Amino acid sequence: MKFKGLLTGVARLFGRSKSCGQDDLSDLRQKAEQGDAKAQFDLGYAYYSGAGVPQDDKEAVKWFRLAAEQGHAEAQYNLGYAYALGVGVSQNYAEAAKWHRLAAEQGYAKAQFDMGVTYDLGEVVPQDYTESVKWYRLAAEHGEAEAQCKMGAKYYAGQGVPQDYTEAVKWYRLAAEQGHVKAQLLLGFSYALGEGVSQDYTESEKWCRLAAEQGNSEAQCVLGFIYHDGKGVSQDDDEAVKWFRLAADQGAVDAQYQLGNAFYLGEGVPQDYTAAVNWYRLAAEQGNADAQCGLGRAYHLGEGVSHDDKEAVKWLGLAAEQGHSGARTSLDWGRFSR
């Protein structure tokens with residue numbers, strides 16, 4: 001579906017919260033009918049949200065359009081989203097892009113970000129990373145954290161700009177300091193790898209923890225590895241298991257596999273082959289080759305499950321098809337032991 005990228009920002013639609021008493025509403029309507037663009041915008045929002053009037057998407061769009069045609073940037077932005085989502089009007093991605101561009105050209109940061117997404121993904125317009133970066137940069141310079149994170153990613157990958165890890169870190173940091181969870185994680189990676197900054201595992205742990213504490217499963221999994229390996233922190237299997245479990249409960253496949261290993265080896269938890277198999281299975285069913293191999297070996301050894309070489313071969317075969325050397329060796333030689 002075209003314009004999918006903009007639909008990720010649905011929560012940003014009509015992002016104003018305002019309620020009016022009847023006297024205020026009567027005054028607002030009078031001003032709107034007299035052509036006051038701000039009043040038209042506010043009345044549009046009242047109809048969209050049902051604040052003091054019956055909720056009515058078509059009326060909302062009518063008033064947004066009147067304000068937008070007078071150059072009201074936020075109304076242009078909201079009208080663009082109405083077209084993108086088919087709210088109060090027939091869905092029309094070209095119209096959505098048109099109104100977002102008008103808002104963006106007036107310096108409306110959210111619209112600038114959305115234009116960046118549009119060019120980034122090649123939706124409605126031809127894909128153009130240079131143009132995408134242009135719009136992301138404008139939004140980022142207005143302080144839009146999501147745009148700052150995108151700028152970091154573009155510099156990291158060298159998409160639309162020359163590759164520059166130092167610039168990537170600069171933009172990640174700006175977004176991370178605003179609490180942007182992905183930027184915090186990526187800044188943590190930068191410190192761990194020494195890309196754009198001096199390698200510093202303590203700083204890496206700090207930023208990954210901030211992202212993990214916001215519930216980001218990838219950051220939780222990374223934090224598990226940090227404590228498992230003792231990178232920038234004292235090695236701590238209990239703490240590793242804590243973070244792996246939080247990520248695994250959200251379906252993070254690598255964390256599920258690592259939690260399976262923890263139960264198999266008794267690291268940070270009492271040894272429990274049945275629990276190990278349960279976690280291996282969850283990861284294996286998502287296609288994790290290490291977990292498929294571990295599950296296959298568990299079936300062969302009868303650890304946590306009844307011995308079943310047919311199941312063992314099935315799971316080892318799936319891992320081997322992905323190029324897992326241990327699974328291939330086990331199948332080739334009939335050696336299923338760890």
Note to self: For the range 309-337, give me each residue that is surrounded by 14 or more Cβ atoms within 10 Å (Cβ to Cβ), modelled with pLDDT under 95 and not in a helix (DSSP H, G or I).
What the structure shows: PHE336
Notebook entry, point to check: Out of the residues in the range 155-172 that are buried (at least 19 other Cβ atoms within 10 Å of the Cβ) and closer than 20 Å to TRP207 by Cα, which is nearest to the chain's Cα centre (by Cα)?
Noted result: TYR172
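Considering the range 298-308 alone, what residues qualify as being over 35 Å from the mean Cα position of the chain (by Cα) and in contact (Cβ under 8 Å) with a residue 24 or more places away in the chain? Walk me through how you get there before you give the answer.
The first filter runs over the range 298-308 and keeps only residues over 35 Å from the mean Cα position of the chain (by Cα), leaving 299-308.
Of everything in the range 298-308, those that are over 35 Å from the mean Cα position of the chain (by Cα) and in contact (Cβ under 8 Å) with a residue 24 or more places away in the chain turn out to be HIS300, LEU301, GLU303, GLY304, VAL305.
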Notebook entry, point to check: Within the group THR130, THR166, THR202, which residue is farther than 26 Å from GLN112 by Cβ and of a type outside the set (Lys, Arg)?
Noted result: THR202
Notebook entry, point to check: surrounded by fewer than 20 Cβ atoms within 10 Å (Cβ to Cβ) and touching a residue at least 40 places away in the same chain (Cβ under 8 Å) - does that describe any residue in the range 104-123?
Noted result: yes
Check: Only one of (1) crowded, with 20+ Cβ neighbours inside 10 Å; (2) farther than 20 Å from LYS182 by Cβ; (3) of a type in the set (Ser, Thr, Tyr) is not met by SER198, so which one is it?
Finding: (1)
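Any chance the range 49-64 includes a residue that's surrounded by fewer than 20 Cβ atoms within 10 Å (Cβ to Cβ), assigned by TED's automatic domain parsing to the domain that holds LYS38 and in contact with a Leu (Cβ under 6 Å, 6 or more places away or on another chain)?
Taking the range 49-64 first, the residues surrounded by fewer than 20 Cβ atoms within 10 Å (Cβ to Cβ) are 49-59, 62.
Adding the requirement that they be assigned by TED's automatic domain parsing to the domain that holds LYS38 leaves 49-59, 62.
If we keep only those that are in contact with a Leu (Cβ under 6 Å, 6 or more places away or on another chain) as well, we get 52.
Looking for residues that are surrounded by fewer than 20 Cβ atoms within 10 Å (Cβ to Cβ), assigned by TED's automatic domain parsing to the domain that holds LYS38 and in contact with a Leu (Cβ under 6 Å, 6 or more places away or on another chain), one finds at least one in the range 49-64, hence yes.
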Margin query: Which numbered condition in (1) over 25 Å from LEU186 (Cβ atoms); (2) without any contact (Cβ under 8 Å) to a residue 12 or more places away in the chain; (3) among the acidic types (Asp, Glu) is the only one that GLU141 fails?
Written below: (1)
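Based on this model, can you work out whether SER132 counts as hydroxyl-bearing (Ser, Thr, Tyr), within 21 Å of SER234 (Cα to Cα) and free of Cβ contacts under 8 Å to residues at least 40 places away in the same chain?
Answer is no for this residue.
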Notebook entry, point to check: Of all residues in the range 246-279 being free of Cβ contacts under 8 Å to residues at least 24 places away in the same chain and surrounded by 21 or more Cβ atoms within 10 Å (Cβ to Cβ), which is farthest from TYR201 (Cα to Cα)?
Noted result: PHE263
Note to self: Just checking, does the range 130-140 include any residue being within 30 Å of SER198 (Cβ to Cβ), of a type in the set (D, E, K, R) and not assigned by TED's automatic domain parsing to the domain that holds LEU79?
What the structure shows: no
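The values are calculated or read from the model by the stated rules, or taken from the named source; none is laboratory data. Everything numeric in this text was worked out from a predicted model, so none of it was measured. No Cβ is skipped: glycine too gets one built from the backbone with ideal geometry, and neighbour counts run over all protein chains shown.
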